Structures are given as C-alpha cells and as structure tokens.
1. Keeping to region 32-56, report how many residues are over 18 Å from residue 73 (Cβ atoms) and of a type in the set (Ser, Thr, Tyr).
2. Taking region 83-113 as the search range and keeping residues that are of a type in the set (Lys, Arg) and either open to solvent by less than 50 Å² (accessible area, probe 1.4 Å) or over 13 Å from the mean Cα position of the chain (by Cα) (or both), which one is nearest to residue 125 (Cα to Cα)?
3. Mind listing whichever residues of region 42-64 are surrounded by fewer than 19 Cβ atoms within 10 Å (Cβ to Cβ) and touching a Pro at 6+ places or on another chain (Cβ under 8 Å)?
4. Starting from region 86-97, keep only residues that are over 13 Å from residue 72 (Cα atoms), then list their pairs with residues that are surrounded by 12 or more Cβ atoms within 10 Å (Cβ to Cβ) and charged (D, E, K, R) whose Cβ atoms are within a distance under 6 Å, requiring at least 6 positions of separation or different chains.
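The values are calculated or read from the model by the stated rules, or taken from the named source; none is laboratory data. What you see is a predicted model, and the numbers here were worked out from it, not measured in a lab. In this analysis, Cβ positions are derived from the backbone assuming ideal geometry, glycine residues included, and neighbour counts consider all displayed protein chains. Accessible surface areas use protein heavy atoms only, side chains included; no ligands, DNA or RNA. Shrake-Rupley method; radii C 1.70, N 1.55, O 1.52, S 1.80 Å.
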Amino acid sequence: CDGAECEGRFSENLEGNDISAKNSFSESCKYLHSDCLRSAHLASSFGKMSVYFDQVRVSPEGAMVDVSVRFGKTTLYIPGNWRVVDRLHASFGSVTNMMRSEPLPPDAPVLTLNGEVSFGELELRSV
C-alpha cells in the first residue's frame, strides 16, 4: 500500500521484526523494540509523531522503513552508528537530515527510508 491508503490498513505494532506505527490528529511518541528489524511502516497525518529506534537492532540484511507524512511533522531518532539510505520524496514538504555525519564502518547497520512527505516535515536525528 502507499500513502493515505496505507494509513487505514494496518494496526499499530511497536515490537517485533515488522513494526507499524501511526498517528492522526494528535501528538505522540513511539518507542520501537526489535531484536532483528526487517521492516517498518510509519504513517502520520495532521499531527506530530516522534519515533525512537534506540531500542532496535537491525536485521543483518538491513531494514526497510516506509514513511508517510501528511500535513504534520514526524521526527525519527536513529542511532548514530547506523547507515541511513534516504529514498524519500517531498511534495510541498521537507526532509531534513540532522544526523551526525561521522565515517561509518562498512558493516554498519543499514536503514533504508522510503516514502513521501506531503505538506509536512520529516526530520532525521541521531540518538
């Protein structure tokens, strides 16, 4: 699923290897827990959502995170020793990477971000 279609189709699950979190018309903080994250689906509309990855270990193959931000702000707090691959698109919105830019080892965990920001803001921060 994609974007707004996806927001209504999944239930929230903040633990495990396949995580989903959503927020609508409110402000929320999501603390994710995983021993081997493979994928995550994050959707926020008309609100503010903060998502913390500091209690997550990424699968050895890496993890894919689908993000949908519409008319609001989402902040992802990602461990600074992870490699982040940004495949995000912004339509009348913005994606701001405020993560520390330190050289990472070749075997650093890989988090790939896919998705869209429409009329909103997505911020990436180190935790």
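1. 2
2. 100
3. 54, 57, 62, listed by residue number.
4. Cβ pairs passing all conditions: 89/116; 96/123.
Let's see how each residue does on (1) within 21 Å of residue 120 (Cβ to Cβ); (2) polar (S, T, N, Q); (3) in contact (Cβ under 8 Å) with a residue 12 or more places away in the chain:
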{"position": "13", "(1), (2), (3)": "no, yes, no"}
{"position": "23", "(1), (2), (3)": "yes, yes, yes"}
{"position": "34", "(1), (2), (3)": "no, yes, yes"}
{"position": "51", "(1), (2), (3)": "yes, no, yes"}
